[in-house]
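Reading through the structure tokens given below for one structure.
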Amino acid sequence: MINDELLKRFLSDQCTPEEARRVANYLQEHPDMLEKYLSEEEFLQLQEDGYFPEIVSQQWLKNIHQQTVAANTRKKWAKRLSIAAITAGVLIGGAMLLVRRDHQKMAAANPEMTITIPSDQQQLTTNTSDKAMAIALPDGSVVRLLPAATMIYNKQFRENRNIYLTGEADFTVAFDKSHPFVVYSGELYTTALGTFFHVKAIPGEDMISVRLNSGKVLVQGSLNKKKVINDVVLTPGKELNYYRKTGKAVVSSFNTRSTDILVRAGNNGAAAAKPDWYKFNGQPMSQVLDQLSNYYGTAIYYYPSDVTGIYFDGKFEKTDSLEKILTDLTLPNNLKLIRNDSGFIIRKK
């Protein structure tokens, strides 16, 4: 439930991001409450102040003041339309408010980080939960975004594989020799072609760290267009720690076995020919996922530790959908199946 004071702060751009999301979600579920909280005059004032897109107010006024509607029905019809239009305005305005705040937060925390992606092509993602968030990118790469971390990247993310990170994240990079994968984190930027690495760049902390688990990455640094460190190539098991106050970079070793890597099943190629039916006889879950990924030509991501010790017996028909098969595999084994535009992610509940 929201109160008058909270909604007033929301409409005045004085909420925290968490409060703004809560208000927007509540109004979406209870559109009838908007009439109580927002009059036509107040809505017009908000539009004049730039909170809502112009098209929302224009459509709202057009519907309300439609002269061709019979007088005895116009009132109820306009009321419904006004509530719907205001709902759209509040939600769009709330989303714009959150994006603007996240951009301002990132810019304030990283004044030396210039984002070169056009604003209309930017995708901004912030992990507001208390658990790591797995994000599959359009190129097949996967980011494990830790709590309170924010990243900006190109919505298409195939030719421009640049990520601007504030906070902490793991990166499992899909191989693409022609399009380097670059993570900008404060003064440092890390380039990879196909690998798994971890970056930590938390606002207010002196140290930025880059940790490589597999593959190879090039770590470079600049501040106000001046180099802050010599270029460093990291090999698996090596970690670079950069100290902002002293400008010193230290490379050391770490235990690669302590970090579980999100991997992609199969051979990452085109779909293989499927038989009319196929059967698994006590095969490890990892092998089952590899075969399914190859059969359906769909990306399946998982953490090896989540499926270790799980074996599967079963038969499937050629006509069965991949989602149905994966649901049958995950439900009995306390695994969660996540579907997105890039494929499926499997992880422990």
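The values are calculated or read from the model by the stated rules, or taken from the named source; none is laboratory data. These figures come from a predicted structure and were not determined experimentally. Don't worry about glycine lacking a Cβ; one is built from the backbone with ideal geometry, like all the others, and counts go over all protein chains shown.
Output the qualifying pairs, or none if there are none: Cβ atoms under 8 angstrom, residues six or more apart or on different chains, first residue in the stretch 205-216 and β-branched (Val, Ile, Thr), second residue assigned to a loop (DSSP other than H, G, I, E, B). Taking only residues 6 or more apart or on different chains, the pairs are Ile208/Gly186; Ile208/Glu187; Ile208/Arg244.
Scanning the stretch 292-349 for residues that are of a type in the set (S, T, N, Q), closer than 25 Å to Ala132 by Cβ and buried (at least 18 other Cβ atoms within 10 Å of the Cβ) yields Ser293, Thr330, Ser342. The stretch 265-349 holds helices (runs of 4 or more DSSP H) entirely within its bounds, and those carrying 1 or more residues that are in contact with a Phe, Trp or Tyr (Cβ under 9 Å, 6 or more places away or on another chain) map to 285-296, 322-330. Restricted to the stretch 193-253, the set of strands (runs of 3 or more DSSP E) holding at least 1 residues that are surrounded by fewer than 18 Cβ atoms within 10 Å (Cβ to Cβ) comprises 207-214, 217-223, 232-234, 238-243, 248-253. For Leu124, the stated conditions hold: it is modelled with pLDDT of 85 or more, aliphatic (A, V, I, L, M), more than 19 Å from Val173 (Cβ to Cβ) and within 17 Å of the chain's Cα centre (by Cα). Selection over the stretch 191-233 of residues that are aliphatic (A, V, I, L, M) and closer than 21 Å to Ala149 by Cβ gives a count of 10. Of all residues in the stretch 250-275, those that are at pLDDT below 75 have Cβ atoms under 9 Å from Cβ atoms of residues that are assigned to a strand (DSSP E or B) and small (Gly, Ala, Ser), 6 or more apart or on another chain, in Thr256/Ser214; Ile261/Ser214; Leu262/Ala134; Asn268/Ala299.
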